[in-house]
Amino acid sequence: MFMADSVIIKTVSPPQMRGTADEGHLRKLLSYEVERWFYQHLSHRLPAAAKVAKYFPIEDETDETLPLRIVLEDLAKEYPNPARGSLALNETQAVLSWLAAFHGTFWGIQEEDHIRERLVPPPLLHKEGDKKGVWTQGTYWYLDTRREELESVDESDVFAILY
């Protein structure tokens, strides 16, 4: 079934929300769909220099209900040293090279017709039934998806940290 020595099965089964789901909850739910769509449709474009886990399709992947499952190659054998703490210069260079290869592969991808029509807006702008795809800004960590956190930041603290 799987052409790998070991796999990771990511199962997403969030608790039921009472009332209206908040932005954070919606962001998390959408992010798993975005992740799965990326592995299904885009990860094959990456060069060897930007290795990501191989994706293994499963029977229920078109099922819109939860729990959502993503089956991925376990990279622990190939990359046995988890990144923790500080990185040495050669490790830092490897990370930066990987990031450059990854982002270089997808630079401008939003201009492709089949991608443009599948861009996922921030959680509060997303509508039920919208097409699945990848984030409009290409990342989980941007301010349009973190409005509550941004509004709670004390600007005087930010400037104190920066200066």
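The values are calculated or read from the model by the stated rules, or taken from the named source; none is laboratory data. All values reported here derive from a predicted model rather than from experimental measurement. Every residue, glycine as well, gets a Cβ built from its backbone with ideal geometry; the counts of neighbours run over all protein chains shown. Note: accessible area is taken over every heavy atom of the protein model, side chains too, but ligands, DNA and RNA are not part of it. Shrake-Rupley method; radii C 1.70, N 1.55, O 1.52, S 1.80 Å.
Can you tell me which condition residue 130 does not meet? The list is (1) open to solvent by less than 70 Å² (accessible area, probe 1.4 Å); (2) assigned to a helix (DSSP H, G or I), and all the others hold.
With respect to (1) open to solvent by less than 70 Å² (accessible area, probe 1.4 Å); (2) assigned to a helix (DSSP H, G or I), residue 130 is out only on (2).
Out of everything in the stretch 8-38 that is within 22 Å of residue 80 (Cβ to Cβ) and not charged (D, E, K, R), what residue ends up being surrounded by the fewest Cβ atoms within 10 Å (Cβ to Cβ)? Don't jump to the end; show me each part of the working.
Residues of the stretch 8-38 that are within 22 Å of residue 80 (Cβ to Cβ), as a first pass: 8-10.
The next check asks that each one be not charged (D, E, K, R); those that pass are 8-9.
Numbers: 8: 14, 9: 12.
So the residue we want is 9.
Where the second residue is outside any loop (DSSP other than H, G, I, E, B) and open to solvent by less than 80 Å² (accessible area, probe 1.4 Å) and the first is in contact (Cβ under 8 Å) with a residue 60 or more places away in the chain and lies in the stretch 13-25, which pairs have Cβ atoms under 7 Å and are six or more apart or on separate chains?
Correct list of pairs: 23/123.
Which ones in the stretch 91-115 are more than 27 Å from residue 80 (Cα to Cα), in a helix (DSSP H, G or I) and acidic (Asp, Glu)?
Across the stretch 91-115, the qualifying residues are 111, 113.
To keep it simple, each residue is scored yes or no on (1) among the charged types (D, E, K, R); (2) at pLDDT 80 or above; (3) under 18 Å from the mean Cα position of the chain (by Cα).
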| site | (1), (2), (3) |
| --- | --- |
| 62 | no, no, no |
| 134 | no, yes, yes |
| 146 | yes, no, yes |
| 155 | yes, no, no |
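Are any of the residues in the stretch 3-21 in contact with a Ser or Thr (Cβ under 6 Å, 6 or more places away or on another chain), under 29 Å from residue 125 (Cα atoms), at pLDDT below 90 and outside any loop (DSSP other than H, G, I, E, B)?
Residues of the stretch 3-21 in contact with a Ser or Thr (Cβ under 6 Å, 6 or more places away or on another chain): none.
For the stretch 3-21, residues in contact with a Ser or Thr (Cβ under 6 Å, 6 or more places away or on another chain), under 29 Å from residue 125 (Cα atoms), at pLDDT below 90 and outside any loop (DSSP other than H, G, I, E, B): absent.
Test residue 105 against the stated conditions and say whether it is modelled with pLDDT of 70 or more, hydroxyl-bearing (Ser, Thr, Tyr) and open to solvent by 60 Å² or more (accessible area, probe 1.4 Å).
Values: modelled with pLDDT of 70 or more: yes; hydroxyl-bearing (Ser, Thr, Tyr): yes; open to solvent by 60 Å² or more (accessible area, probe 1.4 Å): no.
Answer is no for this residue.
Determine which single condition residue 53 fails, assuming it passes every other condition in (1) in a helix (DSSP H, G or I); (2) in contact with a strand residue (DSSP E or B) (Cβ under 6 Å, 6 or more places away or on another chain).
Residue 53 satisfies every listed condition except (1).
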